[in-house]
1. Out of B:Ser52, B:Ser36, report the one residue that is of a type outside the set (Phe, Trp, Tyr), out of contact with any Ser or Thr (no Cβ under 7 Å at 6 or more places or on another chain) and within 9 Å of chain A (Cβ to nearest Cβ).
2. In segment A:1-70, which strands (runs of 3 or more DSSP E) lie fully inside it and hold 1 or more residues that are within 7 Å of chain B (Cβ to nearest Cβ) and either of a type in the set (A, V, I, L, M) or touching a residue at least 60 places away in the same chain (Cβ under 8 Å) (or both)?
3. Looking at (1) touching a strand residue (DSSP E or B) at 6+ places or on another chain (Cβ under 7 Å); (2) surrounded by fewer than 24 Cβ atoms within 10 Å (Cβ to Cβ), which is the one condition that is false for A:Asp39?
4. May I ask you to say which residue of A:Val109, A:Val157, A:Val166 is part of a strand (DSSP E or B), open to solvent by 30 Å² or more (accessible area, probe 1.4 Å) and among the hydrophobic types (A, V, I, L, M, F, W, C)?
5. Contact list please: Cβ distance under 6 Å, first residue in segment B:70-92 and part of a helix (DSSP H, G or I) and of a type in the set (D, E, K, R), second residue modelled with pLDDT under 90 and surrounded by 19 or more Cβ atoms within 10 Å (Cβ to Cβ), pairs at least six apart or on different chains.
6. In this structure, is A:Ser47 more than 19 Å from A:Gln118 (Cβ to Cβ), of a type in the set (Ser, Thr, Tyr) and at pLDDT below 85?
7. Give me the residue from segment A:142-165 that is of a type in the set (A, V, I, L, M) and more than 30 Å from B:Thr29 (Cβ to Cβ) and, out of that set, nearest to the chain's Cα centre (by Cα).
Amino acid sequence: VLWIGCSDSRVRASGVTASMPGDIFTHQNIIANQFHSFDDNANSVPSFAVSEAVGVDHVVPVGHSICGGVQAAAGAEPNNLIERWSIPLTELIRTLDLSGLDESEALEVATEASINKQVENICSSEPIVTAWAAGRRVSVHGWLYDLATGRIRKLVVRSLPYICSVFDAFKKYFVSVHPTSPLLLTNICFSLFKKLYVHLNKYH
Amino acid sequence: MSHESTQILLNANEEWAQSVIKDIPDFFTQSATGQSPKVLWIGCSDSRVPESVITASKPGDIFVHRNIANQFHLNDDSALSVLTYAVKVVGVEHVVLVGHTNCGGAAACLKAAEDAAANTGASQPDTPLTRWLSPLIAHVQSLDLSGCSTSEALNKVVETNIIMQVDNICKSEPITTAWANPNSKKVTVHGWVYDLSRGRIDELVCRDAQA
């Protein structure tokens with residue numbers, strides 16, 4: 001499992017899941033565990049984690065209740081480093097309809113929207129799109145940790161897209177039926193599919 | 001597709017939450033009101049170095065930033081915003097930069113430097129991971145590792161990397177500002193190495209305003 005979480009001291013990945021060393025690969029950053037397409041710090045982590053060196057099967061961005069980062073982003077004009085970092089989150093919050101909600105309800109809606117957005121960002125990132133194009137069964141889960149109860153709640157899960165699993169099944173079928181032939185045409189087709197899938201789905 | 005490994009974590013979370021409430025019924029409701037950790041840990045994403053487990057810390061004790069090979073780049077908004085928030089808003093008193101033995105990121109840089117030396121015409125593929133590790137690869141290329149075995153070379157890369165990242169942290173705006181202002185809260189920067197085979201942390205270097 002790769003956990004992508006907030007730097008908040010109250011949301012320690014190994015602590016809240018009672019995990020031992022060796023269980024969870026972790027990336028933690030400030031401001032609501034953001035996953036920006038332009039951030040090499042964050043993008044290098046699933047790149048390494050999904051690779052054969054580590055081989056995680058699940059990528060889990062985890063947000064939490066009463067997140068100071070989300071609260072700050074809701075009201076920020078970007079005039080310092082932390083506020084610049086939260087620009088994408090601030091813009092996301094501006095698209096939400098929070099009318100009629102009190103402050104804590106609005107914060108909860110914004111936190112959930114942020115987690116869903118980070119899942120989308122991760123699903124469009126180079127390491128995940130490349131893994132799915134190759135038929136790797138990696139899932140991306142969005143979780144919310146409730147500080148007041150200590151419990152994790154599942155919000156969303158995205159798994160290997162159907163078209164990728166179909167192509168992977170075809171590939172395995174051809175290899176099993178023709179184990180010794182060069183399969184040149186088949187390899188070209190799969191290579192083209194991979195390139196096309198990555199081109200259409202990766203964020204640019 | 002099996003989600004067994006994530007379900008195991010969720011089940012463990014439920015059991016853990018129940019055991020904490022049994023011992024301290026208002027732990028979570030109190031924790032939700034705020035945090036005041038004294039330490040910022042900047043470490044590696046490696047699953048074998050979970051900061052809270054190896055220091056027997058509780059939620060609320062340590063503010064954390066973890067990335068590949070415990071890097072602190074002065075042009076990286078992610079790490080800089082964590083340090084800025086930790087020093088200026090949370091008010092941590094110690095920043096600990098923690099590397100570890102058998103670091104996969106450090107080993108990858110060692111290999112990349114060896115490949116580059118063997119094939120002077122070849123260049124690294126342009127991926128987030130290679131861009132992220134390029135300062136460390138350049139650092140490895142500057143080291144004299146002749147006569148070192150593979151494990152000695154890796155240890156040298158791990159330790160010099162820790163010192164290099166501590167130097168970067170000490171040059172950053174939040175630290176230089178805190179050290180320049182005698183009225184600011186005292187902040188000390190430490191470089192630690194966690195030895196995976198012994199489970200122990202050793203301090204390599206320690207810097208504060210007087211240094």
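The values are calculated or read from the model by the stated rules, or taken from the named source; none is laboratory data. Nothing here was measured: the structure is a model prediction, and the numbers come from that model. Cβ sites come from the backbone with ideal geometry, for glycine too, and all protein chains shown count toward neighbours. Accessible surface areas use protein heavy atoms only, side chains included; no ligands, DNA or RNA. Shrake-Rupley method; radii C 1.70, N 1.55, O 1.52, S 1.80 Å.
1. B:Ser36
2. A:58-64
3. (1)
4. Checking each option against the conditions leaves just A:Val157.
5. B:Asp77/A:Trp85
6. no
7. Only one residue tops the list, namely A:Leu160.
So that you can scan it fast, the table gives a plain yes or no per residue for (1) open to solvent by 10 Å² or more (accessible area, probe 1.4 Å); (2) touching a Phe, Trp or Tyr at 6+ places or on another chain (Cβ under 8 Å):
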site: B:Thr55; (1), (2): yes, no
site: B:Lys58; (1), (2): yes, no
site: B:His65; (1), (2): no, yes
site: B:Phe72; (1), (2): no, no
site: B:Asn75; (1), (2): yes, no
site: B:Val82; (1), (2): no, yes
site: B:Lys88; (1), (2): yes, no
site: B:Leu97; (1), (2): no, yes
site: B:Gly104; (1), (2): yes, yes
